[in-house]
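The values are calculated or read from the model by the stated rules, or taken from the named source; none is laboratory data. These numbers come from a predicted model, not from an experiment. Neighbour counts are summed over all protein chains in view; Cβ atoms, including those assigned to glycine, are modelled from backbone coordinates with ideal geometry.
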Amino acid sequence: MMESASTSSSISICKLCNKRTHLYTCPRCGIGYCGVECYKSDAHSDCSESFYRQCVEDELKSQKNDPTVEQKMMEILKRVHEEDLEDDILGEENINEEDSPLDSDDDLELPDLEVRLQNVNLDDPDELWSALSNTEKQEFEALLKNGEAEKLLPKWVPWWTHRLEKKLVHLIEEDGTNTHSDLKYPVLIDVPLFNELQKASPYVYFNVINVTYAYAYVALYYNGDYLDCAEDATNVFLTVCMNMKNNKVFDNAESAIESIIENVKSVDYLPQDKQTLTTLKEAGASILQGPAFEMKTVYTSAALSELHRLLTAARKEISMHKDTTNNQEFTRRFSQKCSLDTTLSKKTILLCLKKLEYYLSWIKSHEAELRSIVGD
C-alpha cells in the first residue's frame, strides 16, 4: 500500500497513539497516523484488515481460472490449517470464547482441508469462507491483523516496463512476425480515423500527456487492479486529470505533468510522498516512450485503451448500482467502506469515452510525427 504524507503545515498528533506527530493519512477512513505500527494497531484494525482482505480478494479475482493461483490459495489455506493443528498439540491456542464462540461442530473431526475445498469456487469469498472451520477463520483474521496478508500478494510488474532490444525488433521485422507478440500490454481498441483530425489543435499531444500520466497514477495506486473497482478508480482518474474533468487544454508537456502532481497533492487521501511521485513520473515517461522506437505510440494507445475499458466498466457499475445489503457472512464481516463521488454520471463518462476515442484516432494518424516528438 502507498502511504500518503500529510500536506498540512501545522503539527498535529497521531489520532491512534496520541503521542507522535501525525505524518500520514489513511486513504480509506481519513484518520491521521504516525507510522505503520499505528496503522496496523487494534485501534485501526477494522480499516487495515478490510484493506488487506480486499487486496487478497482482488488478486484472486484478477487471476480467476488460473491453476497456479488456485494452487497457491490451496497452499495458503493448508498452511493455516497446519498451524491450527500445531497450536492444538502444543496447547498454545488462546481464543476468547466470549468474542469468538465456537460452534459445537468444531468438536467434530473435520475432513482434510483439501477434501473440503474440492467443490468450492475459490473465486467466491463467501463460499470459500463457509468451508473453513471457526479456528481456520480466526487464523485468517489473525493473518490480516498482523499484516502477513501483504506477503501473499505477488508484486505487480507494470506492463509498460517491458522494452524490446533493437536487435530483437529487427529480427522480428525481417522474419515477418508481429512485433507486438513478445510484449504483454493491454489490447488496443480499434477506432476509425475521424475527419475532424485534419483540423486538430496543435495542443492535442500535450492533452494526451496529461491523460497518460493520470492513467499511470491510477494504475500504480490500485496495483494494476483498477478494473475490479471501476467506479472508484474512475473517480480517482477524473480527480487528477483536468483535461478529462474540466476539458483543460495544455500548451506544453511540463504543465500537463505538473497538473497531475498538483491535483494529487490537493487530495489528502491520495498517496503523494516523494517516492510515489517519482515513480509516477517514470511510469508516464515509459508509457510515452513505448517498447521500442519503431513502436513509439503502442504503450500510449494501450494506456488510453485501458482507460476506455475502465470508464466503460464504471458506466456499467453506475447503471447496475448493486445491492449493498449482502447477508453472506464473509462479505458482511469484511465489507469495504469506501465513499464514492456521487457527481459521477453516465453522461460525464460518455463524454470522456468519446474524447479517448478521439485521442486514439489522433495517435493512429500521427504515428510518424510522434516518433520524432518523443525521442529516445
query: Looking at this structure, is residue 314 crowded, with 20+ Cβ neighbours inside 10 Å, small (Gly, Ala, Ser) and modelled with pLDDT of 95 or more?
result: no
- prompt: Do you know which residues across segment 269-280 are in a helix (DSSP H, G or I) and touching a helix residue (DSSP H, G or I) at 6+ places or on another chain (Cβ under 7 Å)?
  reply: 277, 279, 280
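Listed here are the residues, each with its yes/no results for (1) touching a residue at least 60 places away in the same chain (Cβ under 8 Å); (2) under 16 Å from residue 353 (Cβ atoms); (3) of a type in the set (D, E, K, R).
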position: 213; (1), (2), (3): yes, no, no
position: 220; (1), (2), (3): yes, no, no
position: 261; (1), (2), (3): no, no, no
position: 279; (1), (2), (3): no, no, no
position: 310; (1), (2), (3): yes, yes, no
message: Can you pull out every residue in segment 161-213 that is at pLDDT 65 or above, under 19 Å from residue 304 (Cα atoms) and not in a loop (DSSP other than H, G, I, E, B)?
response: 161, 204, 205, 206, 207, 208, 209, 210, 211, 212, 213
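Inspect segment 249-256 for any residue being under 30 Å from residue 28 (Cβ atoms), touching a residue at least 40 places away in the same chain (Cβ under 8 Å), touching a Phe, Trp or Tyr at 6+ places or on another chain (Cβ under 7 Å) and not charged (D, E, K, R) and give the result as yes or no. Give the steps one after another, and end with the answer.
Keep residues of segment 249-256 that are under 30 Å from residue 28 (Cβ atoms), which gives 256.
Now drop any that are not touching a residue at least 40 places away in the same chain (Cβ under 8 Å), which leaves 256.
Pick out the ones that are also touching a Phe, Trp or Tyr at 6+ places or on another chain (Cβ under 7 Å) and you get 256.
Subset that is not charged (D, E, K, R): 256.
The answer is yes; a qualifying residue exists.
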